[in-house]
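Taking it in order: structure first as structure tokens, then the write-up.
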Amino acid sequence: MILSISGVVLLGIVVFLFFRKDGLKASHALVCALFGFYLAGTAIAPSIKAGGASVASLLGGLHF
């Protein structure tokens with residue numbers, strides 16, 4: 001649950017930065033959000049979630 005909330009916050013910040021800096025229109029952000037909601041209800045959603053968890057564990061395992 002924490003991973004999904006932080007992922008949503010991170011993606012929200014990215015969308016906000018695109019909106020402010022790169023000229024992302026509000027309609028584009030709305031379409032992206034709707035696409036995400038519809039994608040979450042498809043059969044590919046578990047694969048996307050597993051890929052996100054894999055990337056998060058990879059990044060969590062990096063030591064500098």
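Write down the accessible area per residue of the chain in Å², having rolled a 1.4 Å probe over the full set of protein chains.
Here the residues of the chain average 88 Å² of exposed surface.
Once amide H atoms are built 1.01 Å from N in the peptide plane, which residues 5 or more positions from Leu24, or in another chain, come under 5 Å H to H?
So Leu24 has HN proximity to Phe19.
Helix by helix through the chain, keep the DSSP H runs that span 18 Å or more along the axis on Cα and average at least 1.0 on Kyte-Doolittle, and give those back in order.
What comes out of the filter, once short or polar helices are dropped, is 2-21, 26-40.
Convex hull volume of the Cα atoms in region 19-64, per residue, in Å³?
Enclosed volume per residue, from the Cα hull, is 89 Å³.
State the percentage of accessible surface on the chain attributable to carbon and sulfur atoms; use a 1.4 Å probe and exclude ligands, DNA and RNA.
Roughly 77 percent, rounded to a whole number.
Restricting to DSSP H runs of at least four residues, report the calculated mean residue ellipticity at 222 nm for the chain, -39500 (n - 2.57) per run over all residues, nearest 500 deg cm²/dmol.
-26500 deg cm²/dmol
The values are calculated or read from the model by the stated rules, or taken from the named source; none is laboratory data. Note that the coordinates shown come from a computational prediction; the quantities given were computed from them, not determined experimentally. To get the accessible areas, we keep the full protein, side chains included, count just its heavy atoms, and leave off ligands, DNA and RNA. Shrake-Rupley method; radii C 1.70, N 1.55, O 1.52, S 1.80 Å.
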